[in-house]
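Input: a single structure, listed below in structure tokens.
The values are calculated or read from the model by the stated rules, or taken from the named source; none is laboratory data. Remember, predicted model here, so these are calculated numbers, not experimental data. In case anyone asks, the SASA skips ligands and DNA or RNA and just uses the protein heavy atoms, side chains included. Shrake-Rupley method; radii C 1.70, N 1.55, O 1.52, S 1.80 Å.
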Amino acid sequence: MGFCVPAPVIAQNLPGLQYFRLLGPLFDHLHAVGTARDRAGNRQLFYDQYATLLLLYFFNPTVTSLRGLQQMTTFAHVQTQFGIRRTSLGALSEAASVFDAALLHEVLTALGAQLQPHLSGAEQAALASLTAVDGSLLPALPRMLWALWQDDQHRAAKMHVAFAVLRHGPVDVTVTAGNASERAELRRLVQPGGFYVFDRGSIDYDLFQELHDLPCSFLGRVKANASYEVQEEHPVSAAARAAGVERDVVLRRLGTAHPGRLLPQPFRVVHVATGKTDAHGAPEVMVLVTNRLDLDAELVALAYITGCEFCK
């Protein structure tokens, strides 16, 4: 099989440059990063320009390689709009080690704060801070020694994202080796006062208590056969039944019967029918645990279903 050479990038195939105008002020603080080592004063590629080029790469499917990225620096309209000079392949390759990627975190959080919710009325007020937390594997090259996953030939990184559900955008991100603990990263991503939803992969009864004590709100799914002791049964309203809610209870204990399992405070379990059947043909029911005793049961169901759309 012959070596596949990427097709050259054509200037007319770079749409949407006008939107980068919004990012200018957010990148300003990056301009001086990495210049301390430039004693000759002849640096031609700065961090803010490099970050802009990377965004152009990610949002333009016609740019598929480092060489394509380099070609973009030769286009007159790219040079004019972003103040970028023609840049060598060597300079672009070196930039990945010169510029600290962690500094882009501030840009991400600033953009996330500008997102607007997509619901209105009571739902928006109740679920405004709802944030889904999930991890995704990113295939890595064997030479990326830090990206531990299965073995030396199967490496991966894992991106852990806190996603503002109603505002439809990320508010925080961490990147780890592929075999890193999602629960540990969830602990790093949560903030006091937030409302976090996560799927079954992050379930840990001790984590529930940690989140409550932070304090923040949480909503997670446990196994259908999870053990718990009911303290109080709530009636299910017509609106909740229309949302699939079958049961709504306040707990005295979560987990197997043991004196140490008694909860310091009540948690809540809401059963929600999915409309599907399991492998045995029985109706599938989600068992959701939360510390939000104040939410209507239909909003608990909506929060989990909406939040886990991101986790798929």
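Solvent-accessible surface of the chain, averaged per residue with a 1.4 angstrom probe and all protein chains in place: 55 square angstrom. Taking amide H positions as modeled 1.01 Å from N, with prolines and chain starts lacking one, the residues under 5 Å from Tyr228 and 5 or more places away or on another chain are Gly255.
Residues whose amide H falls under 5 Å from that of Val171, counting only those 5 or more places apart or on a different chain, are Ala162, Phe163, Ala164, with hydrogens built in the peptide plane. Rounded to the nearest whole Hz, the Karplus-based 3J(HN,Hα) values (6.51 cos²θ - 1.76 cosθ + 1.60, θ = phi - 60°) of region 176-188 follow the sequence 9, 5, x, 9, 6, 6, 5, 5, 5, 6, 4, 4, 6, with x at glycine and proline. The heavy atoms of His29 present about 80 square angstrom of accessible area, all protein chains included, probe 1.4 Å.
Our summary gives region 101-173 a relative contact order of 37 percent, counting only alpha carbon pairs under 8 angstrom and 6 or more residues apart.
When Arg143, Arg292, Arg167 are compared by accessible area of protein heavy atoms, the largest-first order is Arg143, Arg167, Arg292, using a 1.4 Å probe.
Can you give me the C-alpha center-to-center distance between region 233-312 and region 66-117, rounded to a whole angstrom? After rounding, the separation between the Cα centres reads 45 Å. In order along region 55-65, phi translates into HN-Hα couplings of 5, 4, 5, 5, 9, 10, x, 6, 9, 10, 7 Hz, rounded to whole numbers, per the Karplus curve 6.51 cos²θ - 1.76 cosθ + 1.60 with θ = phi - 60° and x for Gly and Pro.
Taking amide H as placed 1.01 Å from N in the peptide plane, Arg155 has its amide H under 5 Å from the amide H of Ala140, each at least 5 places away in sequence or on another chain.
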